[in-house]
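Structure first, then comments.
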Amino acid sequence: MPATIVYLVGVERLALAPGGLPAPVARALVEDLEYARLGAAWFDLPWYGNVAGELARILLGWNAPPEPALELLRAAPVRVGLRLAEAVTRGALVGTEAGLALVAGYFLHLCFDRSLERTMQKLLGDEARDPGGLPARRGVEWVQALLWLRETLGYDPLGTPEIRRRFQVVKRRGYPARGLGRGIHLLLSTAYLDVVGRAPEKSEVDSWVRGLWLYGRILGSAPGRLLALPETVPEATWACYRGDGVDVAEAIEEGMDQARACISRLYELMQTELALVEAEAMFTGLLGSEAAAPRAGEALPAADASARPG
């Protein structure tokens, strides 16, 4: 799982260059980018219940214990995502465009995780999957994120106002004192209750959203520059981004291509009467660590014709 900022910038890039996406999805990403960011950051949100701990981890190397809610949010990610898409198709709880944006960001996150997992395996080996190796993994991911941002944006965004807006995941401007809107929370909560049997409480999610906003404000302030990499990056540090058999930028581009393909396929299925959870095996295959990611323009697996309405 890359640093959260990678997902947030990634979904913004998808909104700016939506080639290959269905027109309604492309429009939703522009009109409701905040909800697309929410979907893209969703699995990481529990980390921001403790902003001080997250900053201490980056700045001081403090080993922050994993938040228990992380396991809940990742309990059945594909099935939950398909359940969300079903609810959006029915127009339940939120507007269609807001729901499409949320689902697009959600599946972009899963695609990025898949495309970058092999890179992390090459760097850390078995430690990449070992819970005890999480601190080392998250440290590597932070360095990779900063190098990718420097290369992609052409400058270091830490300490600049530009980075703040990317952590805005609700429509209301300013501090999100009320957290998520009730409709968007019910949409997420219902999907988890249906699939997992449990869902995070709204008060808990609201605290994560407020923490994410505060984290973005800190990164965009003058003290945020303390978290930046030096102008000249040591060769050993650069090697964790681009080196022998490792190319994080290429892996992210692969994730972008896979996200376009996956979201397009999902939208196609949303236009049928097919129960989307029946397509779980197909999407798990698309997102599985051993599956080859389809590049933009490649054919995707066809839906089961027998499941389509006659």
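The values are calculated or read from the model by the stated rules, or taken from the named source; none is laboratory data. Fair warning: this is a prediction, and the values are worked out from it, not measured in the lab. Note: ideal-geometry Cβ built from the backbone for every residue, glycine included; neighbour counts use all protein chains shown.
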| query | Of (1) touching a helix residue (DSSP H, G or I) at 6+ places or on another chain (Cβ under 8 Å); (2) at pLDDT 90 or above, Leu226 satisfies all except one. Which? | reply | (2)
| field | Verdict on Pro161 being over 23 Å from Gly243 (Cβ atoms), surrounded by 13 or more Cβ atoms within 10 Å (Cβ to Cβ) and not hydrophobic (A, V, I, L, M, F, W, C) | value | no
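If we scan the range 179-190, do we find a residue that is small (Gly, Ala, Ser), at negative phi, assigned to a helix (DSSP H, G or I) and surrounded by 16 or more Cβ atoms within 10 Å (Cβ to Cβ)?
Pass one, the range 179-190, residues small (Gly, Ala, Ser): 179, 181, 183, 189.
From the residues that got through so far, the ones that are at negative phi too are 181, 183, 189.
Applying the additional criterion that residues be assigned to a helix (DSSP H, G or I) yields 183, 189.
From what's left, surrounded by 16 or more Cβ atoms within 10 Å (Cβ to Cβ): 189.
Yes: the range 179-190 contains one or more residues that are small (Gly, Ala, Ser), at negative phi, assigned to a helix (DSSP H, G or I) and surrounded by 16 or more Cβ atoms within 10 Å (Cβ to Cβ).
In the list Ala236, Ala228, Ala222, which residue meets the criterion of being surrounded by fewer than 13 Cβ atoms within 10 Å (Cβ to Cβ), farther than 25 Å from Glu34 by Cβ and in contact (Cβ under 8 Å) with a residue 12 or more places away in the chain? Spell out the reasoning first.
Working: Ala236 fails: in contact (Cβ under 8 Å) with a residue 12 or more places away in the chain; Ala228 fails: surrounded by fewer than 13 Cβ atoms within 10 Å (Cβ to Cβ).
Result of the check over Ala236, Ala228, Ala222: Ala222.
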| Near pairs, Cβ below 9 angstrom, 6+ apart or cross-chain, from the range 190-204 (more than 16 Å from Leu93 (Cβ to Cβ) and of a type in the set (D, E, K, R)) to any residue that is at pLDDT below 95 and in a helix (DSSP H, G or I) | Arg198/Leu72; Glu204/Pro46; Glu204/Gly49; Glu204/Ala69
| note | Filtering the range 142-160 down to residues that are acidic (Asp, Glu) and in a loop (DSSP other than H, G, I, E, B) yields Asp156
| request: Just give me the residues in the range 230-261 being of a type in the set (Phe, Trp, Tyr) and assigned to a helix (DSSP H, G or I), in sequence order. | output: Trp238
| note | Of those in the range 6-22 that are modelled with pLDDT of 95 or more and either in a loop (DSSP other than H, G, I, E, B) or among the β-branched types (Val, Ile, Thr) (or both), the residue surrounded by the fewest Cβ atoms within 10 Å (Cβ to Cβ) is Pro22
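Of the residues Gly139, Gly132, only one is assigned to a helix (DSSP H, G or I), small (Gly, Ala, Ser), at pLDDT below 90 and within 23 Å of Val6 (Cβ to Cβ); which?
Gly139
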| said: Can you confirm whether Ile163 is farther than 27 Å from Glu253 by Cβ, in a helix (DSSP H, G or I) and of a type outside the set (Ser, Thr, Tyr)? | reply: no
